[in-house]
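Okay, so here's the structure we're looking at.
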């Protein structure tokens, strides 16, 4: 081992904000480069067209132009030359005040002398414009080159610049989208964890702030899963431990003389025993390795057989099953428990009105529905009734019954079969609880 140990390399997190700053800075710089190059090309072309030295222009063309216009001036010919050569021609005399371009604002009377070009021509300045004045035969001819409009070359430069600008924008969008892609995965993971899938973990692919945030969310899910698992194990252990004293209480009850007190105690003990059974069953179904004991059953016939035990209900139980039955692979005991919990809820809150048990089939699933015409459930409570120990009647009186585990347990049984449970209710009109179970060939 060497005397000097090399320090382990540490991967430093890459800053997300620094990346965004660099991307936007590069975008601004590229935009400035594209715009400046485009304007430079257009300006150079404009200068070539616009700044051809006027003296040379005069020596080469002006004499010919004035000769072509003639003395006295042929105004129609002057207008044609002005149009064909992109000139502004102004003719002044005591009898003529004419110019080829009505929109021109050249004030030739304010022209300032610059220099002499010939015995009949002078260079004049009108503001920033250069004008040639020719005096011949009692007429003054003022010639000025019009500012050139954008040429085809200029438009090509503009389109190329726009193309580069659009390319830069799309590249910037793609880079930012790729940079922020972990946010989308993080949101999807948070939604799954929020929906109860505490085993889901978001993949960490980055070492910047988003990567650290993803790790924090995963650690949070680990903590939640550990706490809930500890709570579940504690509840299951307590439920098992309560079995022994409840069994002893039942045994002691058998040695008591018949009395009203004995029946009251029997009801209380049976209620505690039912609660313990529901707790244990719920915890078994909520574990990842819950095992169903499934058999092939003619589903409609099985539901019809289970419905016979509810015929003593005062409001009456109607059975609606299809003529053609379907064989299904289900856990009969748990489906029996599911139907019992739903029907008992319907009888408890059905106000002695008829209850309908309905079976229907589609190509892929069976629907088992229990419909009552009772008090119904308000929207406020409807979204919570599948939670454990949640009751609309918070007083938990004996005449309303239940511990808030029935629908929670039914939902677990449906999900254990790969199905789902839906609840539709309207206060004052009744409730429909529908369980959908998949049909597997």
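Sort 174, 98 so the one with the fewest other Cβ atoms within 10 Å of its own Cβ comes first. Working shown, then result.
On the way: 174 10, 98 13.
By the 10 Å Cβ count, ascending, the order reads 174, 98.
Going from the fewest other Cβ atoms within 10 Å to the most, the residues 382, 333 appear in the order 333, 382. The ranking of 240, 349 by Cβ neighbour count inside 10 Å, starting from the fewest, reads 240, 349. Protection proxy ranking of 67-76, 136-145, by the mean of other Cβ atoms within 10 Å over each peptide's residues and highest first, is 136-145, 67-76. Volume per residue of the convex hull around the Cα atoms, evaluated for segment 210-365, comes out as 209 Å³. When you restrict to C-alpha pairs under 8 Å that are six or more residues apart and normalise by the size of segment 52-145, the relative contact order lands at 25 percent. Tell me, rounded to the nearest percent, the portion of alpha carbon pairs in segment 52-145 spaced more than 18 Å apart. So the pairs more than 18 Å apart make up 38 percent of the total in segment 52-145. A convex hull fitted to the Cα coordinates of segment 183-268 yields 97 cubic angstrom per residue.
Only the coordinates and a few stated rules stand behind these numbers; no lab work does. This one's a predicted model, so the numbers in the text were calculated from it and none came from an experiment. Positions of Cβ are backbone-derived with ideal geometry, glycine not excepted, and every protein chain shown enters the neighbour counts.
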